[in-house]
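Written out below as C-alpha cells is the structure these notes cover.
The values are calculated or read from the model by the stated rules, or taken from the named source; none is laboratory data. Computed from a predicted model, the values in this text were never measured in an experiment. Note: ideal-geometry Cβ built from the backbone for every residue, glycine included; neighbour counts use all protein chains shown.
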Amino acid sequence: MAHFKIQDIRTLEASPTIPANLSTKVGEMILSSKNITAKVESVNADTGEYRLVLQGTLTKEAIK
C-alpha cells in the first residue's frame, strides 16, 4: 500500500507542479483512504479546463 501521510497534503497544493508528481501523490492519497468519491464540477470543452473534487476519509495510519 502507498505511504501517504496527512502532512503530504501541503505538497498537493504546490503550484506549479509536474503532472506525474501530482498523479503519484493523489494516487497514494486515494490508496490510503477508507472511502473516496469523485465529482466533476465543471468541464470547459473550449479550453480543456476542468474542476474535479475528491472527498474521502484517510486511514488511521495516514493521519498518524
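Assorted remarks:
- Positions within the stretch 43-64 being in a strand (DSSP E or B) and either hydrophobic (A, V, I, L, M, F, W, C) or modelled with pLDDT under 95 (or both), in sequence order: 43, 52, 53, 54, 58
- Checked against the criterion of being hydroxyl-bearing (Ser, Thr, Tyr), touching a residue at least 24 places away in the same chain (Cβ under 8 Å) and in contact with a Phe, Trp or Tyr (Cβ under 9 Å, 6 or more places away or on another chain), the stretch 35-54 has no qualifying residue.
- Conditions (1) in a loop (DSSP other than H, G, I, E, B); (2) touching a Leu at 6+ places or on another chain (Cβ under 7 Å); number of the one not met by residue 40: (1)
- Total residues in the stretch 23-34 satisfying the condition of being charged (D, E, K, R) and either in contact (Cβ under 8 Å) with a residue 40 or more places away in the chain or part of a helix (DSSP H, G or I) (or both): the figure is 2.
- Remark: pairs (first residue in the stretch 2-22, more than 18 Å from residue 63 (Cα to Cα); second residue at pLDDT 85 or above and part of a helix (DSSP H, G or I); Cβ separation under 9 Å; 6+ apart in sequence or on different chains) = 14/21; 14/22; 17/11; 17/25; 21/11; 22/11; 22/12.
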